[in-house]
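Remarks on the structure that follows.
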């Protein structure tokens with residue numbers, strides 16, 4: 001996939017609930033950045049009895065907008081896709097106000113143990129205090145008055161990432177796993193490329209008609225889009241292998257060559273994405289390192 005395959009057309013309408021489907025409203029947090037696009041999307045699912053998906057960061061304006069949109073309705077569930085601080089922290093405040101049950105895959109954790117001396121670059125971005133009332137496994141359902149959601153565990157971007165399928169409607173709330181505006185960041189030790197690719201394959205076995213992601217607008221042809229993402233990741237993997245076979249030995253050199261057209265502010269994240277591919281390639285035996293991939297000074301073809 002290239003830039004032409006992504007859809008960056010999106011009006012955030014901060015503070016206002018936007019209908020995006022039958023009994024589905026989207027509220028976008030005013031927290032734009034290179035990583036969040038125009039901001040984080042919260043969703044309200046249901047009519048009189050509702051579920052709030054991804055209440056968002058600790059933000060007073062967004063909390064007030066949520067409470068205004070929820071006025072007169074019962075909030076029975078708060079579903080959290082994963083524990084990055086732009087998605088989960090407001091869950092505690094919303095629970096205290098409404099008495100809703102918080103559901104998620106589980107608390108924050110890395111996708112693999114940290115190596116000796118390794119520092120998690122996303123530690124400050126992680127909601128390590130989050131703990132759901134109910135932990136969801138793959139295929140577990142929650143339901144309310146006129147709606148039901150099925151948890152689809154989609155690790156990759158984060159170890160505890162989950163999407164939520166609206167039963168009977170062909171809609172999946174895909175959070176940060178699949179977004180129309182850009183590829184998801186997969187950055188060790190929070191994320192893992194092998195997990196991300198397996199999660200994509202799982203979604204491709206389904207027959208959904210639309211994804212509503214955690215940032216930006218909807219994905220209207222999810223099967224084709226996911227196939228494109230899978231091809232893009234495989235091409236990125238081949239590009240990394242080609243750079244190593246051509247003589248590149250360190251990640252910064254690979255980033256300069258592979259991400260020439262990427263916003264330089266995202267090069268640090270791109271380096272982590274390259275590391276995610278390298279860890280996967282080491283595991284598959286296609287790259288050789290001296291010790292763990294993260295701590296190896298150089299990478300060589302097998």
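Just so you know, all these numbers are worked out from the coordinates, no wet-lab data involved. Treat the numbers as computed from the prediction; the structure is a model and nothing was measured. With ideal geometry, Cβ positions are generated from the backbone for all residues, glycine too; neighbour counts draw on all protein chains shown.
Here are a few things to note about the model shown:
- For the chain, the longest principal axis of the C-alpha atoms and the axis of helix 193-204 are separated by about 50°.
- Reported to the nearest whole Å, the Cα centre-to-centre distance from the range 84-160 to the range 218-272 is 27.
- Label-point separation in nm, residue 140 to residue 238, each point 7 Å along Cα→Cβ: 4.0 nm
- Exposure proxy order (Cβ contacts within 10 Å, fewest to most) of 60, 167: 60, 167
- Ranked by the mean number of other Cβ atoms within 10 Å of their residues, highest first, the peptides 141-154, 219-232 come out as 141-154, 219-232.
- Backbone N under 16 Å from the residue 265 label point (7 Å along Cα→Cβ), restricted to the range 28-55: 30-40
- Full-stretch length increase - residue 288, residue 118 - with 0.36 nm per residue and alpha-carbon distance subtracted: 59.2 nm
- Calculated FRET efficiency for the pair residue 128/residue 30, C-beta based, R₀ 25 Å, to 0.05: 0.55
- Extension gain, residue 11 to residue 198, is 64.1 nm, computed as 0.36 nm per intervening residue step minus the present C-alpha separation.
- Per-residue packing, averaged as other Cβ atoms within 10 Å, sorts the ranges 233-246, 127-140 into the order 233-246, 127-140, beginning with the highest.
- Compared with the direct C-alpha span, the chain from residue 206 to residue 257 gains 14.8 nm at full extension, assuming 0.36 nm per residue.
- Mean separation of Cα pairs under 8 Å and 6 or more residues apart, divided by the residue count, gives the chain a relative contact order of 14 percent.
- Of the beta bridges in the range 3-231, as assigned by DSSP with both residues counted there, near 65 percent are antiparallel.
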